[in-house]
Amino acid sequence: MSSKETSDDIQAAALTPVQEGLGLAKWRKLLTVTATLLALFAICAIFVLLGKAIHHTLLLFALGGLVAYALEPLVAFAQRPRFGKKQKALGKTASVMAVFTGLFLIFAGGVWWLGSHAGKQMKILQQDAPAYRERAFAMAHDVDANLLKPRGIEFSVEDTLRNPPPETSAYVSRFSKEALPFLAHTASGLAESLVVLLIAMYLLIFATHMKEQANRALSPFLLKYALAWEEDVDRILGGFVRGQLLIALVNGLVAAVGLLLIGVHLWLIIGFFVVVASLIPVIGPYIAAVPAVLAALIGPTHLTPVAGAVVVLVMFIVINEVGSKILYPKLVGRALNLHEVVVLFVLFAGLEVGGIVGTLFAAPVASLAIVTIVHLYRLWQELPEESIAEELSEGDPANSRIRAFKPTR
């Protein structure tokens, strides 16, 4: 007989027949669960208030953790023996240093090779910005004269561009207040980037030891559930970071090559923007398509403005379809196990709570919260411990969600 059944029998024996008829045992259990949930909410509220006070430090460590998860497979690969079993494998510290050295050399070579092209395109953008603006006004005038006015449509695209409505101006102003400082901070924060890399390096070297030390402090009963939860955290964060980064790099490379073939002058800058925007799940590729279509529409290309814009739009539709239907489910979807609608909801919630940074962390945080709740429920009910993420990735997700709350026979 299990300890849970014994405790239930003792509680039942302590109740009178009248109390059993009223179901007081169930009410006591419900009251205990409710009190536990309220305590968890209070703890979360305390952590939120504390997080607001040290939000910048938490952001640096969160970014360092994501970088560490992204580089962990490379470190594991560097630790493997290369010339037979007799060769001694590299230690963790040496492997981490080798990976960072290789990445630094690759980054330096990329800057040397692409830096001149990016600088030239920035000069072109700065010099031709007035011409792009006038070309956009001229194109809007043609749309008004040839498409809207002959059909009696009382709307002027040119006037709207020259004098945007207050709602549009307010939205653009809000976006610029959030996006432009974020981009400027990202571009100029070299020191903080080094701090993030240093944090990632320390996490790669010492995270395993820290985890083992924390696990030793747990009882054997709690350790089983802690190990299953840690496995799920590794699967979720590792799968999300590496999958989303790979998708972003593929999207940026394909977009840059496509724009180069079409003849868009700003192909490299837009390619970099596509990589950054694609880090945002679901809606990132759509955001990245906007400057590419505008550059093809008002900038010089090998095609006519309309044809160039249509080709670029079709190219981004294909990129998004391939990314969302093929790459995302295999690389990120299995790790998060969140429906696209849920991801879209948490992205907008993250945007309201934390701005652009909130959208980057919204999906993995939501997935971690769901998995943590499931593990706490299984711990509370003393159900057998198991990796939720592994179960969801191997079987039918719908059935797996149900089995997560049921005991395993």
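The values are calculated or read from the model by the stated rules, or taken from the named source; none is laboratory data. The structure displayed is predicted, hence computed values, not measured ones. Here Cβ is always computed from backbone atoms with ideal geometry, including for glycine, and neighbour counts include all displayed protein chains. To get the accessible areas, we keep the full protein, side chains included, count just its heavy atoms, and leave off ligands, DNA and RNA. Shrake-Rupley method; radii C 1.70, N 1.55, O 1.52, S 1.80 Å.
Pairing residues of segment 185-198 that are in a helix (DSSP H, G or I) with residues that are surrounded by fewer than 15 Cβ atoms within 10 Å (Cβ to Cβ) and modelled with pLDDT of 75 or more, at Cβ distances under 7 Å and at least 6 apart in sequence or on separate chains, gives no pairs at all. Within the option set Gln19, Gln11, Gln87, being in a helix (DSSP H, G or I) and either open to solvent by 60 Å² or more (accessible area, probe 1.4 Å) or modelled with pLDDT of 75 or more (or both) holds for one residue only, Gln11. Does Val241 satisfy being of a type outside the set (Gly, Ala, Ser) and either surrounded by fewer than 22 Cβ atoms within 10 Å (Cβ to Cβ) or more than 27 Å from Phe316 (Cα to Cα) (or both)? No, not satisfied. Taking (1) modelled with pLDDT of 85 or more; (2) surrounded by 19 or more Cβ atoms within 10 Å (Cβ to Cβ); (3) within 30 Å of Pro73 (Cβ to Cβ) in turn, Leu338 satisfies each apart from (1). When Ile326 is tested against the conditions (1) under 20 Å from Ala256 (Cα atoms); (2) of a type outside the set (Lys, Arg); (3) assigned to a helix (DSSP H, G or I), the lone failure is (1).
Okay, residues lined up against (1) out of contact with any His (no Cβ under 7 Å at 6 or more places or on another chain); (2) at pLDDT 85 or above; (3) among the small types (Gly, Ala, Ser):
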| residue | (1), (2), (3) |
| --- | --- |
| Leu49 | yes, no, no |
| Ile54 | yes, no, no |
| Ala62 | yes, yes, yes |
| Ala70 | yes, yes, yes |
| Gly91 | yes, no, yes |
| Thr101 | yes, yes, no |
| Ile124 | no, no, no |
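Please specify each residue of segment 331-351 satisfying the condition of being within 12 Å of the chain's Cα centre (by Cα) and not aliphatic (A, V, I, L, M). Hits for segment 331-351 are Gly333, Gly350.
Kindly indicate whether Phe272 is in contact (Cβ under 8 Å) with a residue 60 or more places away in the chain and surrounded by fewer than 20 Cβ atoms within 10 Å (Cβ to Cβ).
Numbers: in contact (Cβ under 8 Å) with a residue 60 or more places away in the chain: yes; surrounded by fewer than 20 Cβ atoms within 10 Å (Cβ to Cβ): yes.
Judged against the criteria, Phe272 is a match.
Which residues, counting only those in segment 103-119, are open to solvent by 70 Å² or more (accessible area, probe 1.4 Å) and either in contact with a strand residue (DSSP E or B) (Cβ under 6 Å, 6 or more places away or on another chain) or at pLDDT 70 or above (or both)? Passing the criteria: Phe104, Leu105, Ile106, Phe107, Val111, Trp112, Trp113.
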